[in-house]
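Have a look at the structure below before the remarks.
The values are calculated or read from the model by the stated rules, or taken from the named source; none is laboratory data. Bear in mind that the values here come from a model prediction, so they are computed numbers and not experimental data. Cβ placement follows ideal geometry from the backbone for every residue including glycine, while neighbour counts extend to all protein chains displayed. Calculation scope for accessible area: heavy atoms of the full protein, side chains included, ligands and nucleic acids excluded. Shrake-Rupley method; radii C 1.70, N 1.55, O 1.52, S 1.80 Å.
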Amino acid sequence: MGLRLKFNLVLLVVFLLGLGVTGYISYDLLHKNARDEVVRNAGVMMEAALSMRGYTVAQVRPLLPYDPETFHPQSVPAYAATEIMNQLRKKYSDYTYKEAALNPTNPRNRAVDWETDIVGAFRSNPDRGEISGVRDTPTGLSLYLARPFQIKDKACLACHTTAAEAPPAMVKIYGPNNGYGWKHMEVIGAQIVSVPMSLPIQNANRAFYTFMGSLSAVFVVLFVILNLMMSLLIVRPITKMSRAANEISTGNLDIPEFAESGRDEVTLLAKSFNRMRRSLEKAIELIEKK
């Protein structure tokens, strides 16, 4: 193989190895950043829901005095948080918030299969503060963030011990079979926020392809420049010397000497070649004199 071919093969191998390592690291980093972004969004939604619950308890509920004949769902923190999040879903339909329970008062809060597994995990380990994961949905991958919903305030049991003890107005709305039998410190459900991952992943993939494309373009430019430099500075001078050596070996001494200006390796080789040629000419002259 020629020098240029060997050089290009080595350069190509080095580039492919570098491209592979860089691609693996950058892909993993970009997707990790995308997931972190989704987790932050889910955390913001969760804190927003908790803030809504706190606002309802602190400022809405005191304005609605207890009346056994009148029940205002708006005074229930879970109802208020869910309703406000449902308003958000009108614009961002892929973002969901649900206070999933195994035995909810409002049937819309009943946990489905995958939510039941999360609630079960919290019930088996009440000290577990948070669960997150990724699940496939009809609209693409979605990250969920869940926190346990535990009865820490005994006042909540006034409406959820038995239907007979609950406000008649509430029983009239939701019936006598839902949301009763709760116990103090029992995990009855989970607050679950779901945030779509499709857009952050698309952005991460787009950034990855742009980066790798740019890196490949830079390599092509460097490949061309290095080949031109190698051809001008190394291959052509050495090829010229090789032809000159071939001519001199056949007795043609009319080949001009090479320029000796410079201090690079090719110039040193040219100087050595010129000295060898002069020595050969002197040797031939001595032979012819004899």
Among residues of the stretch 241-287 being touching a Lys or Arg at 6+ places or on another chain (Cβ under 8 Å) and not aliphatic (A, V, I, L, M), the residue most open to solvent (accessible area, probe 1.4 Å) is GLU257
Expected output for the stretch 107-126 (first residue within 9 Å of GLY189 (Cβ to Cβ), partner open to solvent by 60 Å² or more (accessible area, probe 1.4 Å), Cβ below 7 Å, 6+ apart or cross-chain) is ALA111/LEU102; VAL119/LEU102; PHE122/ARG128
In the stretch 176-203, which residues are surrounded by fewer than 17 Cβ atoms within 10 Å (Cβ to Cβ) and either touching a Pro at 6+ places or on another chain (Cβ under 9 Å) or β-branched (Val, Ile, Thr) (or both)?
-> MET185, GLU186
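Quick one: count up the residues across the stretch 149-185 that are within 20 Å of PRO107 (Cβ to Cβ), part of a loop (DSSP other than H, G, I, E, B) and not small (Gly, Ala, Ser). Give the steps one after another, and end with the answer.
Narrowing the stretch 149-185 to residues within 20 Å of PRO107 (Cβ to Cβ): 149, 151, 156, 159-163, 166-182.
From what is left, the residues that are part of a loop (DSSP other than H, G, I, E, B) are 151, 160-163, 166-167, 175-182.
After this cut, where a residue has to be not small (Gly, Ala, Ser) as well, the list is 151, 160-162, 167, 176-178, 180, 182.
Of the residues in that region, 10 qualify.
From the list SER93, SER51, which one is open to solvent by 60 Å² or more (accessible area, probe 1.4 Å) and either assigned to a helix (DSSP H, G or I) or touching a Leu at 6+ places or on another chain (Cβ under 9 Å) (or both)?
Numbers: SER93 fails: either assigned to a helix (DSSP H, G or I) or touching a Leu at 6+ places or on another chain (Cβ under 9 Å) (or both).
Going through SER93, SER51 in turn, the sole match is SER51.
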In this structure, is PRO196 at pLDDT below 85 and within 26 Å of the chain's Cα centre (by Cα)?
-> no
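Evaluate the stretch 112-131: report whether one residue or more is within 17 Å of ALA81 (Cβ to Cβ) and either surrounded by fewer than 17 Cβ atoms within 10 Å (Cβ to Cβ) or out of contact with any Gly (no Cβ under 6 Å at 6 or more places or on another chain) (or both).
Step one: list which residues in the stretch 112-131 are within 17 Å of ALA81 (Cβ to Cβ), which gives 115.
Those left that are additionally either surrounded by fewer than 17 Cβ atoms within 10 Å (Cβ to Cβ) or out of contact with any Gly (no Cβ under 6 Å at 6 or more places or on another chain) (or both): 115.
Among the residues of the stretch 112-131, at least one is within 17 Å of ALA81 (Cβ to Cβ) and either surrounded by fewer than 17 Cβ atoms within 10 Å (Cβ to Cβ) or out of contact with any Gly (no Cβ under 6 Å at 6 or more places or on another chain) (or both), which makes the answer yes.
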